[in-house]
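Trainee: Quick one: the structure is below, and I'll ask about it shortly.
The values are calculated or read from the model by the stated rules, or taken from the named source; none is laboratory data. Everything numeric in this text was worked out from a predicted model, so none of it was measured. Every residue, glycine among them, receives a Cβ derived from its backbone with ideal geometry; neighbour counts consider all protein chains shown. Calculation scope for accessible area: heavy atoms of the full protein, side chains included, ligands and nucleic acids excluded. Shrake-Rupley method; radii C 1.70, N 1.55, O 1.52, S 1.80 Å.
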Amino acid sequence: MSQTLSRLVREAADAVPITCVTRESWPGIEAALPAPQAAYARATDFSPKAGCLALLPDAEGRVAAVLFGLGDGADPLLAGKLPGLLPPGTYRFSPTQNSDVQNSDVQGSELRGFDVQGATLAWLLGSYRFGRYRAAGAERPALAVSESVDAEAVTRIAEAVARGRDLVNTPANDLGPAEIEAAIRAVADRHGAAVTVVTGEDLARDFPLVHVVGASSPRAPRLIDLTWGPVDAPRVTLVGKGVAFDTGGLDIKPSSAMLLMKKDMGGSAAALAAAEMVMGSGLNLRLRLIIPAVENAVSGTAFRPGDVIRSRAGLTVEIGNTDAEGRLILADALALADAEKPDLLIDFATLTGAARTALGPDLPAFFTEDEALAQSVAEAGAAVADPVWRLPLHKPYASLLDSKIADLNNVSGGPFAGAITAALFLRRFAPATRAHVHFDLYGWNPSTKPGRPEGGEVQTARLVHALLSRRYPRA
Ligand code: BES
Ligand code: MN
Ligand code: ZN
């Protein structure tokens, strides 16, 4: 982990201070700078616009201070740019920027709200690199943090995100169902969680949809079930789509659509990252993590369009398209989760291209029937810069999934409302749990943005951790 993230250090004697400035606070801060530094900032065209950087020299030409523009202060992850911009060395966020401003007449409310803890997290999230297949790159800047920052909490979150991103970035030749299981066991071991795994004949009998999707691959499918925490605490169950690679099956994807399908286990990575955050911060809940892990391959043992499978829940499903495999494996996992009527059920899945068409790669869709829960989800996402957008579980569209020979089809015949029909399909398998949130996410940053390096991303994990921290705080 030390290789994928930049370092946080405690001692800060000679750390270079970084002053973050908004358009509003800059005039006051500029006026308080030593004259040569103010002149240097002007001469090098520094401005408080978002992402603008100035390295201010001392008389010996060493970097004495850093100015960093926050623009209007709207992007809470902007400090995530810094590890990529700064030369090696040790830095700290300047605490003086707050007092300076409070003592001047520019009492910018945004600046007084400058959130050092949030900026520290953004820094770590932005420092991530996927290092598995390359020699370590150039040394990265380190960040010294003061006592006011809960470095442990921030590190815990950033490391869980980094491990999740590593899983998404790891290509399918090195990450099949067995490796997903190993990754879950490694997290479980660190936190004293119990893990059971169902495979083989047991899987075929008890989780027929997981079995049938995974039967196309020589890498055995499995249902991974982790539990942690006191049995009498509120029960929270996380379910994640773990498709190690999605060829589409016999309804094979064109090459352009298949290219990125190593990320089709992004839901399981997000669920595992959220679980790791929950266990690490010792929340007062009984956690269950259920991951169906399969490879959706093409072979003589692959399931076919037109097959009818009796699911764990007893509903028969006609296969309209083998590329709608995620909802199939989730259906059996949700049926297992629903049987114990959890207090809260959350599933995570790279489920539909339609959700991306609607909202783009950066904004996962979420679905729930529970209005109060919907409000909490949206608020938690906004609070930790892990944004989501609600789409409706429009009941009349359920008939789009009608089958002529089975209880339901796994796809709708038409081109409309693909993310909604997928969500409605899932709801059929968790009828006893109203407090159910379904996240349809992309799991990938198509290009680098502050705090979000290009590549695998564990969308909604930090949101869920924030939501659960509020509901079930550590006792
Ligand atoms: N894993 C894909 C969905 C996906 C595609 C997510 C691209 C993110 C980016 C899923 O298994 C799938 O193939 N869904 C199909 C469903 C269709 C056959 C009803 C889709 O969205 O095209
Ligand atoms: Mn698919
Ligand atoms: Zn898929």
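Trainee: Please report Rg over Rh for the chain, where both radii come from the alpha carbon positions and Rh follows the Kirkwood definition.
Mentor: 1.03
Trainee: Taking the Kirkwood radius as the inverse of the mean 1/r across Cα pairs, report the Rg/Rh of segment 147-204.
Mentor: Working: Rg = 15.2 Å, Rh = 13.6 Å.
Reported Rg/Rh, Kirkwood definition of Rh: 1.12.
Trainee: Continuing with the same structure: At a 1.4 Å probe radius, which order do SER376, SER25 fall into by accessible area, largest first?
Mentor: SER376, SER25
Trainee: Name the residues whose placed amide hydrogens come within less than 5 Å of the amide hydrogen of LYS449, ignoring near sequence neighbours (fewer than 5 apart) on the same chain.
Mentor: GLU454
Trainee: Right, next: Once you put a point 7 Å from the Cα of ASP402 and another 7 Å from the Cα of ASP202, both along the Cβ direction, what distance in nm separates them?
Mentor: 4.1 nm
Trainee: Okay, moving on. For the chain, find the longest principal axis of its Cα atoms and tell me its angle to the long axis of helix 116-126, 0 to 90°, nearest 10.
Mentor: The two axes meet at around 60 degrees.
Trainee: Please report, as a whole percent, how much of the solvent-accessible surface of segment 8-149 comes from carbon and sulfur atoms (probe radius 1.4 Å).
Mentor: C and S atoms contribute 51 percent here.
Trainee: Here is a further query. From largest accessible area down, sort TYR40, TYR133; use a 1.4 Å probe on the protein chains.
Mentor: Values: TYR40 90, TYR133 115 Å².
The ordering from most to least exposed comes out as TYR133, TYR40.
Trainee: Here is a follow-up. How big is the accessible area of ARG310 in square angstrom, nearest 10, if you roll a 1.4 angstrom probe over the protein chains?
Mentor: Using a 1.4 Å probe on the heavy atoms, I get roughly 150 Å².
Trainee: With a 1.4 Å probe and every protein chain left in place, work out the accessible area per residue of the chain in Å², rounded to a whole number.
Mentor: 41 Å²
Trainee: I've got another one for you. For segment 302-360 and segment 32-58, what is the separation of their Cα centres, given in Å?
Mentor: Distance between centres, Cα-based: 55 Å.
Trainee: While we're looking at this one, here's another question. Taking amide hydrogens as modeled 1.01 Å from N in the peptide plane, which residues meet the under 5 Å criterion relative to ALA142, leaving out close sequence neighbours?
Mentor: GLY89, THR90, TYR91
Trainee: Let me ask something else about it. In segment 154-471, what % of DSSP beta bridges are antiparallel (nearest 5)?
Mentor: Percentage antiparallel, nearest 5: 50.
Trainee: Quick one: net charge around PRO305, please, counting Lys, Arg +1 and Asp, Glu -1 for every other residue with C-beta under 10 Å from its C-beta.
Mentor: Combined, the nearby Lys, Arg, Asp and Glu give -3.
Trainee: Could you tally up the Lys pairs in the chain with alpha carbons closer than 28 Å? Skip any pair fewer than 8 positions apart unless they're on separate chains.
Mentor: 19
Trainee: Add -39500 (n - 2.57) for each DSSP H run of 4 or more in the chain, then divide by its residues: what number comes out at 222 nm, to the nearest 500 deg cm²/dmol? Don't skip to the answer; put the middle values down first.
Mentor: On the way: 17 runs with 165 residues, N = 475.
Estimated from H runs of four or more residues: -10000 deg cm²/dmol.
Trainee: OK, next. On C-alpha positions alone, give me the angle between the axis of helix 266-280 and the longest principal axis of the chain, in degrees, nearest 10.
Mentor: Once rounded, the angle reads 60 degrees.
Trainee: Here's a follow-up. Quick one: compute the contact order of segment 154-471, relative version, from alpha carbon pairs under 8 angstrom and 6+ residues apart, as a percent.
Mentor: Relative contact order here is 22 percent.
Trainee: For LEU408, LEU250, give me the order by solvent-accessible area with a 1.4 Å probe, most accessible first, ignoring ligands, DNA and RNA.
Mentor: LEU250, LEU408
Trainee: What are the ³J(HN,Hα) values, in whole Hz, obtained from phi via the Karplus relation 6.51 cos²θ - 1.76 cosθ + 1.60 with θ = phi - 60°, for each residue of segment 154-170 in sequence order, with x given for Gly and Pro?
Mentor: 5, 5, 4, 5, 5, 6, 5, 5, 5, 5, x, 4, 4, 5, 5, 6, 5
Trainee: Roughly how many whole Å is it from the C-alpha centroid of segment 121-150 to that of segment 4-18?
Mentor: Here the answer is 10 Å between Cα centres.
Trainee: Quick one: how many Å² of TRP444 are accessible to a 1.4 Å probe, rounded to 10?
Mentor: 30 Å²
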